[in-house]
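Quick notes on the structure that follows.
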Amino acid sequence: MSAHRWDDLTNVLHEEPCAREGLLYGIGTGLGAGLLRFIRTGRGINAGNWAVGTFAAVAVVAKHLCHYQQMHQRAKTRTLLEMQSKVSARVKGFEPESNNVGSSAQTQAQSEPEKSK
């Protein structure tokens, strides 16, 4: 069995999209809960248990919420892309005569001398 290295942890944090966010929320709230519990009770072991428990719970919930938000964002993006492809297919059926930009002015200029005759 190979020993785990610090690089392994940093690779996981970079490869897993929501791991970093979950850990940061967990660390912050765990530290806050542990400190508040220590200030309130004065017992270090109890405060440490609260800190670790809060860290674990918040980290897991934050990671799952992040995945949930990403899933909904992907679904919205997929829906918008489908709508855009439908609209572009409709627009392709109606192509304005962009090649003949000056043709209407030229036709109008040619028809005016004919009217004066």
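Here are a few things to note about the model shown:
- Verdict on residue 21 being modelled with pLDDT under 95 and under 38 Å from the mean Cα position of the chain (by Cα): yes
- Taking residues in segment 58-71 that are without any contact (Cβ under 8 Å) to a residue 40 or more places away in the chain, and partners anywhere that are open to solvent by 40 Å² or more (accessible area, probe 1.4 Å), the pairs with Cβ atoms closer than 6 Å and at least 6 places apart or on different chains are 58/25; 58/29; 59/23.
- Residue check for residue 91: of a type in the set (Val, Ile, Thr) and either touching a strand residue (DSSP E or B) at 6+ places or on another chain (Cβ under 9 Å) or open to solvent by less than 70 Å² (accessible area, probe 1.4 Å) (or both): no
The values are calculated or read from the model by the stated rules, or taken from the named source; none is laboratory data. Since the structure is predicted, the reported quantities are computational estimates derived from the model, not experimental observations. Note that each Cβ is placed from the backbone with ideal geometry, even for glycine, and that neighbours are counted across all protein chains shown. Only protein heavy atoms, including side chains, enter the accessible area calculation; ligands, DNA and RNA are left aside. Shrake-Rupley method; radii C 1.70, N 1.55, O 1.52, S 1.80 Å.
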